[in-house]
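The values are calculated or read from the model by the stated rules, or taken from the named source; none is laboratory data. Keep in mind the model is a prediction, meaning the values are calculated, not measured. Positions of Cβ are backbone-derived with ideal geometry, glycine not excepted, and every protein chain shown enters the neighbour counts. We work out accessible area using only protein heavy atoms, side chains counted, and drop any ligands, DNA or RNA first. Shrake-Rupley method; radii C 1.70, N 1.55, O 1.52, S 1.80 Å.
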Amino acid sequence: GGDNWMNAGTDKGLPRCGVSSVAIDENNSSSNWFVTTGDAEGLNRQFWQNAIGVYRTTDGGNTWDCIGLENITSMRKVIQVPGQYNSGHLFVATTDGLYECSNALVANPSWSKVIDGDFYDVEIGEDPTIVYASGTGTTEVYLYEWVNNIGMTLPNDEFIDDGFNSTTITGWRFRANS
C-alpha cells in the first residue's frame with residue numbers, strides 16, 4: 001500500500017492552511033473525513049499558521065466545507081467517536097478548550113465547549129463513551145463521559161499507586177503509563 005496518492009485538499013476547496021490532524025469516518029472511510037486546521041505545533045513563529053476552522057468532506061476530498069470553530073487560533077487534534085454511536089460525533093483539542101460536536105455530518109453542525117484549557121491530546125477510551133484529554137500547565141488530565149455529560153479533572157497529586165499499575169479516583173479507574 002501507499003504507492004498511489006492523490007491531492008484531496010487545496011485544489012478541491014480546502015483553503016491553503018496547515019492541517020494539524022485528520023479523522024476518518026470508520027463507517028464511511030472513502031467519503032467522510034474531518035480535519036483541524038493550523039499548525040498547532042509551530043515552533044518557529046515566523047511560519048506559524050493559525051487555525052481557520054474544522055473542515056469536512058463527505059465525498060472523499062472532492063469538496064470541503066468549514067463546519068465550525070473558525071475563531072479558534074490553534075487546534076491540535078480531532079477524534080471521532082466510534083460509528084456504532086454516531087459517525088458525526090467529534091471531539092477537538094484546542095488551545096482554547098475541549099470542544100464537542102455530535103452532528104458533524106448535518107448541514108449546520110453545532111459545537112459546544114466541554115471545558116476550558118490548553119489541550120494537546122484527546123483520545124477515546126476502551127469504553128467509547130469516555131473521552132480522555134490532556135494539556136499543558138494547569139490543564140492536566142481530563143476525563144469526560146459524554147453519554148451522561150459527566151466530567152472531571154484529574155490533578156497530578158491525586159494519582160495513587162494501588163499495586164496494579166493503575167489509579168482509582170472517585171470510582172474511575174485508569175491505567176498508568178509505564
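Return one whole number: the accessible area per residue of segment 80-119 in Å², for a 1.4 Å probe.
39 Å²
Could you order Leu105, Leu143 by accessible surface area, starting with the largest, using a probe radius of 1.4 Å?
The residues order as Leu105, Leu143, largest area first.
For every other residue with a beta carbon closer than 13 angstrom to the beta carbon of Gln80, add +1 if it is Lys or Arg and -1 if Asp or Glu, then tell me the sum.
That sum, taken over residues with Cβ under 13 Å, equals -2.
Can you find, among Ala133, Thr73, Val122, the residue sitting farthest towards the positive end of the charge dipole of segment 52-135, where Lys and Arg contribute +1 and Asp and Glu -1 at Cβ?
It is Thr73.
Which net charge results when you count Lys and Arg as +1 and Asp and Glu as -1 among the other residues whose beta-carbon is under 13 Å from that of Trp33?
Combined, the nearby Lys, Arg, Asp and Glu give -2.
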